[in-house]
Amino acid sequence: MEETNIHFTQRLMFKYAIVVAGGSGKRMGSEIPKQFLEINDLPVLMHTLNTFHDFDEEVKIVLVLPSDQVDYWRELCTKHNFTIKHHITTGGSTRFDSVKNGLAIVDTPALIGIHDGVRPFVSPDTLKRCYHHASVLGNAIPVLDAFESVRVVDEEKSKALDRSTIKLVQTPQVFKSDLLLKAYEQEYNPLFTDDASVVESNGSTIHLVAGNRENIKITTPLDMVLGEAFLSAGYQESDDETDDIIE
């Protein structure tokens, strides 16, 4: 009976994706913000929203944009006949504030994934792992192993680190709504580099699951080339990971 009640409760929870897209085109050398640049004739941000919709049509998508980009986004939606349902809200002066604005319009109880708008290649398996394990453990964030050597640098020297202890963090970072909303009642701290750091600072243990290597954050012209290659080749890294959590 207890197990049945757990599954019933999980079914009643809304599933959200808060997509934060506040970047510029500075590192791209472009006047167009990077989330609006086109890969295979479609803006990066539309690929991202398509990915969540294809994963689960019931996911409620909240798109957080700078106020001065909202009209341009709507023009792009008309131009590309983009009809995936999503709610638009405006961002704040920091990513922390932007996420907080997105959280203000969610219905609870919910599983809430926070995702970078310029990560259009997160795989269905990564999404499944994140939402599933968050529903059981309260949170889950996707990570990759560090494949190259890693060094830490201070003012005088550098020092090698044990790369087996290093994980590279991706999004979406998924949390139960009560945990996430409580964490975002804190005052902003510059050390909040992602949502996991916000939740962790509020006393929660963060759980890691396997990400996927093509889930790159598109920030440079090289990333655009890689994105074109992924789509042209229909590439998706083989998923040889289990559904077990990493940590």
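Bear in mind these aren't lab numbers, they're just calculated from the coordinates by the rules spelled out. Computed from a prediction, not measured in an experiment: that's the story for all the values here. Please note: Cβ atoms are built from the backbone with ideal geometry, for glycine as well, and neighbour counts cover all protein chains shown.
Points to keep in mind about this one:
- Antiparallel DSSP beta bridges within the chain, as percent of all bridges there, nearest 5: 45 percent
- Answer label for Rg/Rh (Cα atoms, Kirkwood Rh) (calculated), chosen among (i) 1.09; (ii) 0.96; (iii) 0.98: (ii)
- R213-H80 FRET efficiency (beta carbon distance; Förster radius 41 Å; 0.05 resolution): 0.90
- Peptides ranked, highest mean first, by Cβ atoms within 10 Å: ranges 147-155, 194-202: 194-202, 147-155
- Helix content alone sets the calculated 222 nm mean residue ellipticity of the chain: runs of n ≥ 4 DSSP H residues at -39500 (n - 2.57) each, divided across all residues, give -10000 deg cm²/dmol.
- Out-of-range pairs (alpha-carbon distance over 31 Å; input K60/K217; K85/K176; K34/K167; K15/K79; K79/K167; K15/K159): K79/K167; K15/K159
- Inter-label distance for L144 and L42, nm, one decimal - labels placed 7 Å from Cα along Cα-to-Cβ: 2.2 nm
- Dividing the C-alpha radius of gyration of region 40-177 by 2.2 N^0.38 Å, with N its residue count, gives 1.24.
- Calculated P(r) of region 150-201 - Cα pairs past 15 Å, %: 61 percent
- When each of the peptides 80-86, 131-137, 203-209 is scored by how many other beta carbons lie within 10 Å of its residues on average, the order from highest to lowest is 131-137, 203-209, 80-86.
- Gained length - A160 relative to N202, 0.36 nm times residue gap less alpha-carbon distance: 12.1 nm
- Three-way shape label, region 73-117, alpha-carbon gyration tensor, a/c 1.5: oblate
- Separation between Cα centres of region 126-194 and region 28-49, rounded to whole Å: 25 Å
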